[in-house]
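Have a look at the structure below, then the notes.
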Amino acid sequence: MHRFANPVRFLKIARPATAWLLGLGLVLTAAGVLGGLFVTPPDYLQGETVRILYIHVPTAWLGMGGWTGIAVASLATIVWRHPLASVAARAIAPVGATFAFLCLATGSIWGRPTWGTWWEWDGRLTSMLVLFFLYLGNIALAAAERERGPDGRIAAIFGLVGAVNLPIIHFSVQWWRTLHQGESIKLTGSSIAPELLWPLPLTLFGFSALFGAAVLMRMRTELAQTRIEARLRRMAAASAGRGASTGSGQAAAV
Amino acid sequence: MRAAPKHQRLALVLLAMAALVGAALLAMWGLGDRAAYFRTPQDIAAGRADVGQPLRLGGMVQQGSIEKQPDGVSIRFVVTDGPASVPVQFRGITPDLFKEGSGVVAEGRLTPAGVFTADTILAKHDERYMPPQLGNQAAELATRQTLDR
């Protein structure tokens, strides 16, 4: 990983990877959404409402996957002081927050016709909302810390502490009786019928690729901004030096 | 020999994370049953629910138990979890997915007579998704297994 400590080497790979991920993500998402909207049959109980699952499930996984990424980057920031890790954590946070929000919104839209309510404070819904708020806190903290310097150690501690919520979200439906149903997809198999299941991996990998593309774009933006700031500082220092000499010259002329 | 600073930091972070996760697990374990979103008919049979206090009752709508009342807007049905069951009365509109043999969560109070008076009815969906042509029998069986857990 320390090979990428040099931003130039990272950018050489990140630039084409962004385009590839974006293209792949758009194609897979389009295929999954079209399949999920027009090809799969409706569910025996929920009818057409079931189709929201092709958006809801990937956004839920990526909302949690985003914080997993922040936690790994935080570990790299604290332990190895990897210069790109804090850049990555700052890049992931708003993208992860967006996916967590989409998960909450689509779940709410699904819950109204299915359960008969927009929102209930059960274990799964509450812990997912906490994840969204953690994202907002992390964004604010990381932005405030960035003003002082790029190392991002305080936000990294927050990133590791916040990761405690991830197993709580995952196990909430097993530990407590919840309104939210249990897991449909486990390592041992799936309780979603195959004819309803197949668009889900398409949207899952599609959204993951879009997530990755957005994170790489944001990382490149921050690296470019850092270079601009450094260049502006150098120019300001140079012109201040010139300004000081011309200023004294003028003073002497007056 | 002193360990390298990065190894010290790694050990420190791992220790801190282990302590944090341990604390969180203890807290969740302590929360236990109080974090449950609903009570089951077995809880009520065992006397773990106070009469007259607001509570949620979850279970399966017993087959053949839904009776429309003469006033046209009230219904009575029985919520069961297998070993125990509770009669419920409700006045209002139920969600589309509320039907016999499927999961339900009712919000309301238990009357001294042992009848649950519901203010709100929520349908509980389970983790199975299938096309309409597959029968409902498999669904009912699995819902019962989910509730037993």
Mind checking the full-extension length gain between A:Arg112 and A:Ala17? Use 0.36 nm per residue of separation minus the Cα-Cα distance, one decimal, nm.
30.2 nm
The range A:21-90 and the range A:136-188 have their Cα centres apart by a whole-number Å value of 15
For A:Ile192, the residues 5 or more places away or on another chain with a placed amide H closer than 5 Å to its own amide H are B:Tyr129
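Using the 2.2 N^0.38 Å rule of thumb for compact globular proteins, work out how the range B:1-84 stacks up: its C-alpha Rg over that value, please. Walk me through the numbers on the way to the answer.
Details: Rg = 24.8 Å, N = 84, 2.2 N^0.38 = 11.8 Å.
Here the Cα radius of gyration is 2.09 times the empirical estimate.
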What does the C-alpha gyration tensor say about the overall shape of the range A:20-84? Classify as rounded when a/c is under 1.5, otherwise prolate if a/b is larger than b/c, or oblate.
oblate
Compute the long axis of helix A:83-114 from its Cα atoms, compare it with the longest principal axis of the Cα atoms of chain A, and write down the angle in degrees, 0 to 90, nearest 10.
30
Ordering B:41-49, A:206-214, A:161-169, A:144-152 by per-residue average of other C-beta atoms within 10 angstrom, highest first, gives A:206-214, A:161-169, B:41-49, A:144-152
Which value in nm describes the separation of the simple spin-label points at A:Gln225 and A:Leu34, placed 7 Å from the Cα toward the beta carbon?
3.7
Given a Förster distance of 51 angstrom, what is the FRET efficiency for A:Met235 paired with A:Ser190, based on the Cβ-Cβ distance and rounded to 0.05?
0.30
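Return the Rg/Rh ratio of chain B with Cα-based radii and a Kirkwood Rh.
Details: Rg = 22.3 Å, Rh = 18.1 Å.
Here Rg/Rh amounts to 1.23.
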For residues of B:116-129, the mean tally of beta carbons on other chains within 10 Å:
6
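Over all residues in A:107-114, what is the mean tally of Cβ atoms on other chains that come within 10 Å of each residue's Cβ?
On the way: counts 0, 0, 0, 1, 4, 1, 4, 7.
Partner-chain Cβ atoms within 10 Å, mean over residues of A:107-114: 2.
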How far apart, in nanometres, would the label points at B:Gln53 and B:Thr117 be if each is projected 7 angstrom from Cα along the Cα-to-Cβ direction?
1.8
Please list the radius of gyration and Dmax for the range A:189-241, considering alpha-carbon atoms only, with Å as the unit.
22.6, 72
Partner lysines whose C-alpha sits under 28 Å from that of B:Lys124, ignoring same-chain residues fewer than 8 away, are A:Lys186, B:Lys68, B:Lys99
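Can you give the average number of partner chain beta-carbon atoms within 10 Å of each beta-carbon in peptide B:70-82, as a whole number? Spell out each step's value before the answer.
On the way: counts 0, 0, 0, 0, 0, 0, 0, 0, 0, 0, 0, 0, 0.
Per residue, the average neighbour count from other chains is 0.
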For the range A:71-220, report the translational diffusion coefficient in µm²/s to the nearest whole number, using Stokes-Einstein at 37 °C, 0.692 mPa s, and a Kirkwood Rh over Cα pairs.
191
Any idea what angle helix A:53-75 forms with the longest principal axis of chain A, computed on alpha-carbon atoms, 0 to 90 degrees, nearest 10?
40
Cα gyration tensor category, rounded, prolate or oblate, for chain A with a/c compared to 1.5
prolate
Can you give the angle from 0 to 90° between the axis of helix A:7-34 and the longest principal axis of chain A, with both taken from C-alpha atoms, to the nearest 10?
30
Does a label point 7 Å from the Cα of B:Ala46, set along Cα-to-beta-carbon, have any residues of the range B:88-128 with amide nitrogen under 19 Å, and which are they?
B:110
Anchor A:Lys12: aspartates and glutamates whose Cα lies under 16 Å away (excluding residues fewer than 8 positions away in-chain)
A:Glu222
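Once you sort the root eigenvalues of the Cα gyration tensor of the range A:1-121 as a ≥ b ≥ c, which label holds: rounded (a/c under 1.5), prolate (a/b larger than b/c) or oblate (the other case)?
Details: a/c = 4.22, a/b = 1.87, b/c = 2.26.
Verdict is oblate for the range A:1-121.
Every number in this text was worked out from the coordinates using simple rules, so none of it is lab data. Model, not experiment: these values are computed from the prediction. Cβ: placed from backbone, ideal geometry, glycine included. Neighbour counts: every protein chain shown.
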